[in-house]
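**Student:** Would you mind keeping the following structure in view while I ask a few things?
The values are calculated or read from the model by the stated rules, or taken from the named source; none is laboratory data. These figures come from a predicted structure and were not determined experimentally. Cβ coordinates were reconstructed from backbone atoms using ideal geometry, including for glycine residues, and neighbour counts include every protein chain displayed. In case anyone asks, the SASA skips ligands and DNA or RNA and just uses the protein heavy atoms, side chains included. Shrake-Rupley method; radii C 1.70, N 1.55, O 1.52, S 1.80 Å.
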Amino acid sequence: MAYWRKAIGLGVLVWLVPFVVAVAIFPIRESSRPLFESIMAVAVTATAVGFGLLYMKGATGGFAAEGLRLGILWLVISVAIDAPLMLFGGPMQMSLGQYAADIGVTYFSIPVVTWGLGVARSRAS
């Protein structure tokens, strides 16, 4: 990873932006759960794309591998911050299985996005 500090800082933002969106639209979760889940998937993906592009702008080579490492780091950061809030406190109190099925799987879109950005960057070079 070429820029660890930048990657970690952006990784926190990759978690924070969708969290803020979730808090803002939380009432929708009760009235229209599918809409809430769809908005959250878009929020996570859009955040990964935006911050992934920002990070990859400074990358100098090995773009696909760098993108994959970046996405895995961001996935780990998101789960490390998010899981304790959802499993041991916070508004939702989920079991591990519920968390994995409801939220955790969505975070796997992050390395897919960043790897794709890396592949695209390597093809453009």
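**Student:** Could you go through region 13-23 in sequence order and give the Karplus-derived ³J(HN,Hα) for each residue, using 6.51 cos²θ - 1.76 cosθ + 1.60 with θ = phi - 60°, rounded to whole Hz, and x for Gly and Pro?
**Tutor:** After applying 6.51 cos²θ - 1.76 cosθ + 1.60, I find 5, 4, 7, 5, 4, x, 4, 5, 4, 4, 5 Hz.
**Student:** Also: Summing +1 for each Lys or Arg and -1 for each Asp or Glu, what net charge is found among the other residues whose Cβ lies under 14 Å from the Cβ of THR114?
**Tutor:** On the way: positive: LYS6, LYS57, ARG69, ARG121; negative: GLU66.
Within the 14 Å Cβ shell, the charges total +3.
**Student:** Can you give me the solvent accessible area of GLU30 with a 1.4 Å probe, rounded to the nearest 10 Å²?
**Tutor:** Accessible area, nearest 10 Å²: 130 Å².
**Student:** When the convex hull of the C-alpha atoms of the chain is computed, what volume per residue in Å³ does it have?
**Tutor:** On the way: hull volume 11.7 nm³, N = 125.
Roughly 93 Å³ of hull volume per residue.
**Student:** Then there is this: Starting from the amide H of MET94, placed 1.01 Å from N in the peptide plane, find each other amide H under 5 Å away whose residue is 5 or more places distant or on another chain.
**Tutor:** LEU87
**Student:** I've got another one for you. For PHE51, PHE36, PHE88, give me the order by solvent-accessible area with a 1.4 Å probe, most accessible first, ignoring ligands, DNA and RNA. Let's see the in-between values first.
**Tutor:** On the way: PHE51 45, PHE36 15, PHE88 165 Å².
The residues order as PHE88, PHE51, PHE36, largest area first.
**Student:** Now, a different point. Given points 7 Å out from each Cα along the Cα-Cβ axis, report the VAL23 to ALA46 separation in nanometres with one decimal.
**Tutor:** 1.8 nm
**Student:** Tell me the trypsin sites (Lys or Arg not before Pro) within region 6-57 that lie in a loop according to DSSP and have at most 14 other beta-carbon atoms within 10 Å.
**Tutor:** LYS57
**Student:** Next question. Of all the accessible heavy-atom surface of region 1-111, with the other protein chains kept in place and a 1.4 Å probe, what percent is carbon and sulfur? Intermediate results must be reported in sequence, preceding the final value.
**Tutor:** Working: 4320 of 5750 Å².
Looking at region 1-111 in its full context, I get 75 percent from C and S.
**Student:** Given a 1.4 Å probe and the protein chains all in place, what does the accessible area of TRP74 round to, in Å² to the nearest 10?
**Tutor:** Near enough 0 Å² of accessible area.
**Student:** Could you work out the relative contact order of the chain? I mean the mean sequence separation of Cα pairs under 8 Å and 6+ apart, divided by the number of residues, in percent. Intermediate results must be reported in sequence, preceding the final value.
**Tutor:** Values: 136 pairs, mean separation 44.1, N = 125.
This gives 35 percent for the chain.
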